[in-house]
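Please read the structure below before turning to the comments.
The values are calculated or read from the model by the stated rules, or taken from the named source; none is laboratory data. Everything numeric here is computed off the predicted structure, so don't read it as measured data. FYI the Cβ positions are ideal-geometry reconstructions off the backbone, even for glycines, and counts take in every protein chain you see. The protein model used for the area step is the full one, side chains on, heavy atoms only, and it has no ligands, DNA or RNA in it. Shrake-Rupley method; radii C 1.70, N 1.55, O 1.52, S 1.80 Å.
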Amino acid sequence: MKKIISLLTKIFPRQILIKFSYLFSIFIRPFYWGNNVECPVCGKHFRKFLPYGYGNAMDNRLCPNCLSLERHRLLWLYLKEKTRFFTDNLKVLHFAPEQPFLKKFKSLKNLDYTTADLDSPIADLHLDVTNINLPDNTYDVVICNHVLEHVDNVDKAFSEIKRILKPGGWAILMVPINPNVDTFEDPSITDPKERQRLFGQYDHVRQFGRDYADVLKNAGFEVDADRLFFELTENQRQRMRLARPGEELVYRVIKPENLKIFLRFSDSNKTQGVFL
């Protein structure tokens with residue numbers, strides 16, 4: 001199974017994998033019946049999870065029913081245990097919507113829920129996260145997971161996400177993290193094999209590291225690096241397969257309510273302004 005999934009992820013583009021992954025999972029589920037692992041997103045249990053990985057599938061990662069990975073299962077628990085996402089009336093924009101969440105979030109009557117992506121066939125809007133053609137101060141919540149490592153101008157992406165959030169609004173910005181290094185990038189590296197070696201995947205343009213919270217703070221956010229993973233027992237972590245090394249924290253950022261607003265006005269031949 002590892003070899004099959006590694007081959008499929010290497011051959012087919014993301015759009016095709018998204019479109020046919022559920023069909024594939026229907027046929028494979030009977031081979032994984034059991035009760036050793038449990039997915040908190042869909043509530044199903046299995047002998048083990050499917051292997052998963054781009055070009056190098058690792059064992060026991062992907063839920064055969066809802067296709068959740070470790071980060072999805074941890075985020076689901078975080079949203080349920082640490083936020084009011086499932087109860088408050090919220091306007092939500094979800095970039096690169098993950099399949100385990102899509103139908104569940106759309107069915108929540110408390111959410112005004114919209115999905116966005118550059119080219120995903122399951123997204124409502126086709127948007128570039130570095131140039132979001134939506135009004136300022138619109139959303140209570142933005143979800144943008146495992147996207148920023150693909151974006152050339154990450155500072156622009158941070159700025160755009162902050163712009164469309166309402167003051168006091170929050171975003172989930174999870175990324176793959178190497179806990180042994182500080183965040184680094186090199187735009188001159190374009191070879192897929194070299195990107196794989198340095199950034200962890202052939203289509204990543206940077207490696208986020210142990211300083212990720214500081215990266216978010218420098219972008220103007222208030223940062224909450226939640227430690228729910230460490231509050232759970234080892235048995236719970238193993239049964240739900242909740243996180244890979246370096247991804248144990250859930251990063252939620254908040255747009256400060258007291259952001260300064262610069263108002264421009266014209267006085268004769270001079271353009272002036274004031275901070276409020």
Could you please find all residues in the stretch 81-110 being in a helix (DSSP H, G or I) and either in contact (Cβ under 8 Å) with a residue 24 or more places away in the chain or touching a helix residue (DSSP H, G or I) at 6+ places or on another chain (Cβ under 8 Å) (or both)?
-> Glu81, Lys82, Gln99, Pro100, Phe101, Lys104
Would you check if there is a residue in the stretch 121-136 being out of contact with any helix residue (DSSP H, G or I) (no Cβ under 6 Å at 6 or more places or on another chain), modelled with pLDDT of 95 or more, open to solvent by 10 Å² or more (accessible area, probe 1.4 Å) and among the small types (Gly, Ala, Ser)?
-> no
Residue selected from the stretch 149-183 under the condition assigned to a strand (DSSP E or B) and open to solvent by 50 Å² or more (accessible area, probe 1.4 Å), by the criterion nearest to Ala116 (Cα to Cα) | Lys166
Of (1) touching a residue at least 60 places away in the same chain (Cβ under 8 Å); (2) under 17 Å from the mean Cα position of the chain (by Cα), Pro167 satisfies all except one. Which?
-> (2)
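Residues that are within 16 Å of the chain's Cα centre (by Cα) and either in a loop (DSSP other than H, G, I, E, B) or surrounded by fewer than 16 Cβ atoms within 10 Å (Cβ to Cβ) (or both): does the stretch 184-192 have at least one?
Among the residues of the stretch 184-192, not one is within 16 Å of the chain's Cα centre (by Cα) and either in a loop (DSSP other than H, G, I, E, B) or surrounded by fewer than 16 Cβ atoms within 10 Å (Cβ to Cβ) (or both), which makes the answer no.
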Name the residues in the stretch 16-43 that are touching a strand residue (DSSP E or B) at 6+ places or on another chain (Cβ under 9 Å), at pLDDT 90 or above and crowded, with 17+ Cβ neighbours inside 10 Å, would you?
-> Val37, Glu38, Cys39
If you scan the stretch 233-255, which residues turn out to be β-branched (Val, Ile, Thr) and open to solvent by 60 Å² or more (accessible area, probe 1.4 Å)?
-> Thr233
Hey, can you tell me all the residues within the stretch 229-246 that are within 16 Å of Leu62 (Cα to Cα) and part of a helix (DSSP H, G or I)?
-> Arg237, Gln238, Arg239, Met240
Looking only at the stretch 60-82, count how many residues are surrounded by fewer than 18 Cβ atoms within 10 Å (Cβ to Cβ) and either at pLDDT 95 or above or hydroxyl-bearing (Ser, Thr, Tyr) (or both).
-> 3
So which pairs qualify, if the first residue must be in the stretch 177-191 and touching a residue at least 60 places away in the same chain (Cβ under 8 Å) and of a type outside the set (Val, Ile, Thr), the second must be open to solvent by 50 Å² or more (accessible area, probe 1.4 Å) and part of a loop (DSSP other than H, G, I, E, B), the Cβ gap must be under 7 Å, and the two must be at least 6 apart or on different chains?
-> Pro179/Arg210; Pro179/Pro245
The condition of being within 20 Å of Asn178 (Cβ to Cβ) and either open to solvent by 70 Å² or more (accessible area, probe 1.4 Å) or not acidic (Asp, Glu) (or both) holds, among Phe221, Phe230, only for Phe230
Might you let me know whether the stretch 101-111 holds any residue that is surrounded by 14 or more Cβ atoms within 10 Å (Cβ to Cβ), touching a strand residue (DSSP E or B) at 6+ places or on another chain (Cβ under 7 Å) and under 15 Å from Val253 (Cβ atoms)?
-> no
Exactly one of Ala116, Ala96, Ala57 is buried (at least 19 other Cβ atoms within 10 Å of the Cβ) and at positive phi, and that one is Ala96
